[in-house]
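The values are calculated or read from the model by the stated rules, or taken from the named source; none is laboratory data. For clarity, every value in this text was computed on a predicted model and none was experimentally measured. No Cβ is skipped: glycine too gets one built from the backbone with ideal geometry, and neighbour counts run over all protein chains shown. What goes into the accessible areas is simple: the full protein's heavy atoms, side chains included, and nothing from ligands, DNA or RNA. Shrake-Rupley method; radii C 1.70, N 1.55, O 1.52, S 1.80 Å.
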Amino acid sequence: MSDIGKDAIKQIYADLMIDDCWSVQEERSFRWIGERLEQRVSASTPFADDGFLLVRLVSDCRVVESVEASEEVVQACLAQANRHAFGSCYTYLAAERAICATASVFIHEQT
């Protein structure tokens, strides 16, 4: 039986037509740089839920670095930006003073 998470990662990598010199491939993920932003695409290990074998796919990309505003201001702005988000969000990494864009989806063998 194949691992749908690993298969999805391979397919996404192929569909994006990424040159190997701009990427790092790992067992359940890959990182690549498109122009100046690094994106990481990963797949969880499969898990069972109500008779389905699911995998969570996640894409993360830092979109802002060296944030100078206070954490309260950043969180308030991101709360507004995320207010109607579905499947994606912006998060503030306070220790790194960075904002990350994240999207995720659950897949199974029939999707």
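Out of the residues in the range 11-23 that are touching a strand residue (DSSP E or B) at 6+ places or on another chain (Cβ under 9 Å) and within 19 Å of VAL55 (Cα to Cα), state the one that is most open to solvent (accessible area, probe 1.4 Å).
Going through the qualifying residues, I end up with ILE12.
Picking from VAL24, VAL55, VAL73, VAL63, which residue would you name as being closer than 15 Å to ALA101 by Cα, among the aliphatic types (A, V, I, L, M) and not in a loop (DSSP other than H, G, I, E, B)?
Just a single option satisfies the conditions, and that option is VAL63.
Do we find that GLU26 is of a type in the set (Asp, Glu), surrounded by 10 or more Cβ atoms within 10 Å (Cβ to Cβ) and without any contact (Cβ under 8 Å) to a residue 24 or more places away in the chain in this structure?
Yes: the conditions hold for GLU26.
With the requirement that a residue be surrounded by 13 or more Cβ atoms within 10 Å (Cβ to Cβ), of a type in the set (S, T, N, Q) and under 24 Å from LYS6 (Cβ atoms), what does the range 57-111 give you?
Of everything in the range 57-111, those that are surrounded by 13 or more Cβ atoms within 10 Å (Cβ to Cβ), of a type in the set (S, T, N, Q) and under 24 Å from LYS6 (Cβ atoms) turn out to be SER59, THR102, SER104.
Cβ-Cβ below 6 Å, separation at least six or inter-chain, first residue in the range 30-45 and within 12 Å of ILE18 (Cβ to Cβ), second open to solvent by 90 Å² or more (accessible area, probe 1.4 Å): which pairs?
Once the first residue is within 12 Å of ILE18 (Cβ to Cβ) and sits in the range 30-45, its partners that are open to solvent by 90 Å² or more (accessible area, probe 1.4 Å) give ARG31/ARG40; TRP32/TRP22; ILE33/TRP22.
Within the range 69-90, which residues are over 30 Å from GLU109 (Cα atoms) and touching a residue at least 12 places away in the same chain (Cβ under 8 Å)?
Within the range 69-90, GLU71, VAL74, GLN75, LEU78 meet the criteria.
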